[in-house]
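Reading through the structure tokens given below for one structure.
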Amino acid sequence: MNGHSCICATHQPDCTAALAVHLRHVSGRDCWRLFSIFVQCRNTHQIALFFIPYWDQTGHVWPLMVVGWTLNLEMFFYIVFAAAVFLGRPILFTSLALASMVILGYTFDLKNAALNLWSSNLLLEFIAGLLLSRFVLPGKISLIAVILGVTGLAASNVFSLFDPEYRILVWGIPAFLIVAGCLSLEKRGYWPSAQLKPIQLIGDASYSLYLSHVFWTAAVHKFFGNAFLPSAIGLIVAVVCAIAIFRLVEKPLLKSMKPLVSRLPA
């Protein structure tokens, strides 16, 4: 596979080939990341349905739908949290369990795909979310926290400070400060809800954006390159398309499922 074209297909008899694409000015690895979504063996199809992480053909812990790797991590969190609820101390036991897994990941070179993902330092951000559910920043520092968080994220991008090993420092903590500060402002009645109401639509469409953004941004990069302006255009296109999918697909589907969900036991 070279830097000018990529054929995402497989010739193994027990596998299904789902997609063939031709890209110019995109590396073979990027092409595979963006478009080899359904090119997997039958056994990995079955594994993916149960949110069990596995090594794909590129050596990454990615499921059939590449962006779904975050769902694999979320499902692990839900299982741990459910067990902690059963034990009666959900915040404490979940935090201890996740922290222990992260320590395990830093201590050992885990070859098993599931353990490799389930010991990711991303779990520290789940712990941060648990803390946000229990603690609110004092009002005097809420705005300062937001400013520091935004500054930290901006600096990490401008100076290319991101390192997966230290994600919690360059992305996690700034994100925590932003959310904590915004929650504190909202709780104290300083959140400009009316002014920000149009932006809430992006939040409503966030799941559609999560699932579909890779296609639109890849298409923009294919035709316009990877510079800042094409990236900004790709972001806008992804958001607009996600809102359309939310209104035309996701929202009607959710509405049609309401009668079924209402019949389930509470």
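The values are calculated or read from the model by the stated rules, or taken from the named source; none is laboratory data. Bear in mind that the values here come from a model prediction, so they are computed numbers and not experimental data. Don't worry about glycine lacking a Cβ; one is built from the backbone with ideal geometry, like all the others, and counts go over all protein chains shown. Side chains included, ligands, DNA and RNA excluded: accessible areas come from the protein's heavy atoms. Shrake-Rupley method; radii C 1.70, N 1.55, O 1.52, S 1.80 Å.
ILE202 fails exactly one of the following numbered conditions: (1) without any contact (Cβ under 8 Å) to a residue 12 or more places away in the chain; (2) within 30 Å of PHE135 (Cβ to Cβ). What is the number of that condition?
Here ILE202 meets the rest and fails (1).
Is it fair to say TRP69 is open to solvent by 20 Å² or more (accessible area, probe 1.4 Å) and in contact with a His (Cβ under 9 Å, 6 or more places away or on another chain)?
In short, yes.
Checking ASN121 against (1) open to solvent by 30 Å² or more (accessible area, probe 1.4 Å); (2) at pLDDT 90 or above; (3) outside any helix (DSSP H, G or I), which single condition isn't satisfied?
Failing condition for ASN121: (1).
Which ones in segment 133-192 are of a type outside the set (Val, Ile, Thr), open to solvent by 80 Å² or more (accessible area, probe 1.4 Å), more than 22 Å from VAL102 (Cβ to Cβ) and not in a loop (DSSP other than H, G, I, E, B)?
LYS140, LEU143, LEU148, ASN157, GLU186, LYS187
Within segment 176-192, can you find the residues that are over 15 Å from LEU130 (Cα atoms) and either touching an Asp or Glu at 6+ places or on another chain (Cβ under 8 Å) or of a type in the set (Asp, Glu) (or both)?
GLU186
Would you tally the residues in segment 147-156 being modelled with pLDDT under 95 and touching a Gly at 6+ places or on another chain (Cβ under 9 Å)?
Residues meeting the conditions: 0.
Can you tell me which of (1) crowded, with 17+ Cβ neighbours inside 10 Å; (2) within 30 Å of ARG188 (Cα to Cα); (3) modelled with pLDDT of 95 or more is the one VAL80 doesn't meet?
Just one mismatch for VAL80, condition (2).
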